Amino acid sequence: MKMELTDRNIKDAPVGSVIRDTTVKGLQLRVFEQSKSFYLYYRTKAGAQRKPKLGNYGSITISQARKAAQDLLGEVAAGRDPAAEKTSSRVEPNVQALWAEYWKRHGQHKKSGLQDGHNWNKYLAPIFAKLKLSEVSYTKVSDFMLSLNEAPYVANRNLALLSTMFNFAKHPLEWTEKNPCLGVKRYPETKRRRYMSLSETSKIAELLDASADKSPASVAFIYLLILTGARKSEIANAKWEWLNGSVLRLPDSKTGAKSVYLPPPAMDVLAKLPRDGETLTCIVSPKKLWDRIRRDAGCPDLRLHDLRHSFASAALSAGLSLAQIGELLGHKSTQTTKRYAHLVEDVASASAAMAAEHIMAGMKKAPELLTARG
């Protein structure tokens, strides 16, 4: 909106609004959640657009902001580009510095922080860490995505993380005005429907039991995933003090506080674990053992997260409703549980086939009777 900047107008301006001053051309006030800031929008003689920040309202007055804006406009009229000169005069941070600031102030507190840290160290840092923010272009990000074309899910997650970091660099850090990830295409994703078959389950159990002596913590971790349908992070973070009888009372999870119900076989697994650590298994992931077991079991595409889907499938086969399964898996929304709705049809089809076979067993002479009538 365009109006004269006054203390009252600024005080009443809602978050997200922009006030364009009618007194000094190009002077604007932008309202953020934590601050109200003065900016000057101008174009150089070469046509480049600039929008340097003049200061925060409260730190400088409206009069001081107008004076600073008029001084800059005078330099522009003389053919200079004061914003560009100021930018070039300071040391520009690189992406490593951005990651450090993002991780300290935001990233480490996210529920996905562990995965974000892995993606940064393995995929993003080798490519982008040493680059200045201004050196990260749309083309460089697009090339990075192309390098991961055989791992579309990984590529998409890394693009999302890099984009979030650059948004953080724009505000609140104000280190850059651009996000080079904008417009970069993500790969299409299809929802996986991968479950353990009966033959895979038997072979996996055999291999797990054979590994129990050498890798007891990893074996216990995998069995707990299979027997509870819990997420990997929930088992990794679960503490002994949260165990209440046969229920793990998680104070926090992807969907908030959650109870993980431990059936007797899961309690047997826990009974074999030493209680000399803070968490149940004292490990973050059984990935190394799982990679070997799924390869030897002939199902190299079966992920640890697929064990959660397999639990849901087994629960449906046992006669549980979608609502009951949602409760066990800790879904907040019924829409999340409905992803398993196709399994209801599979179970129903199998049940119908069994019922038809039973009926036909008692109708051995039925075809003859029908022929005779015809």
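Residues of the stretch 205-248 with an amide N closer than 16 Å to a point placed 7 Å from the Cα of Val284 along the Cα-to-Cβ direction: 218, 232-238. In this simple spin-label model, placing a label point 7 Å from the Cα along the Cα-to-Cβ direction at both Tyr41 and Asp12 gives a separation of 2.2 nm.
Spatially, the stretch 44-90 and the stretch 162-213 are offset by 43 Å when compared through their Cα centroids. Pairs over the 21 Å Cα-Cα cut-off, from the set Lys232/Lys254; Lys239/Lys272; Lys51/Lys130; Lys130/Lys254: Lys51/Lys130; Lys130/Lys254. Shown here for the stretch 142-206: trypsin sites (Lys or Arg not before Pro) in loop regions (DSSP other than H, G, I, E, B) with at most 16 other Cβ atoms within 10 Å, namely Lys178, Lys185, Arg186, Lys191, Arg192, Arg193, Arg194. Accessible area per residue was computed with a 1.4 Å probe on protein heavy atoms; Val136 scores about 0 Å².
With each label modelled as a point 7 angstrom along the Cα→C-beta vector, the Tyr261-Gln324 pair spans 0.8 nm. Seen from Tyr102, the other residues with C-beta closer than 13 Å to its C-beta sum to a net charge of +2, counting Lys and Arg as +1 and Asp and Glu as -1. Label-to-label distance, Arg295 versus Lys110, with points set 7 angstrom from Cα along the beta-carbon direction: 3.1 nm. Placing a label point 7 Å from the Cα of Tyr187 along the Cα-to-Cβ direction, the residues of the stretch 100-140 whose backbone N falls under 15 Å of that point are 123-124. If R₀ is 45 angstrom, what is the calculated FRET efficiency for the pair Ser199 and Glu150, using the beta carbon separation as r and rounding to 0.05? Efficiency, from the Cβ-Cβ distance: 0.95. For Leu161, the shell of other residues with beta-carbons less than 12 Å away shows a net charge of +2, using +1 for Lys and Arg and -1 for Asp and Glu. Given their separation in residues at 0.36 nm each and the Cα-Cα distance between them, Asp268 and Lys53 gain 71.1 nm when the chain is fully extended. Of the trypsin sites (Lys or Arg not before Pro) found in the stretch 1-67, those that fall in a DSSP loop while having at most 16 other beta-carbon atoms within 10 Å are Lys25, Lys45. Which of the trypsin sites (Lys or Arg not before Pro) found in the stretch 258-292 are in a DSSP loop and have at most 10 neighbouring Cβ atoms, other than their own, within 10 Å? Sparse-neighbourhood loop trypsin sites (Lys or Arg not before Pro): Arg275. With K and R counted +1 and D and E -1, the other residues having a Cβ less than 11 Å from that of Cys299 yield a net charge of +1.
The values are calculated or read from the model by the stated rules, or taken from the named source; none is laboratory data. Remember, it's a predicted structure, so these values are computed and weren't measured experimentally. So basically every Cβ, Gly included, is an ideal-geometry build from the backbone, and we count neighbours across all protein chains shown. Note: accessible area is taken over every heavy atom of the protein model, side chains too, but ligands, DNA and RNA are not part of it. Shrake-Rupley method; radii C 1.70, N 1.55, O 1.52, S 1.80 Å.
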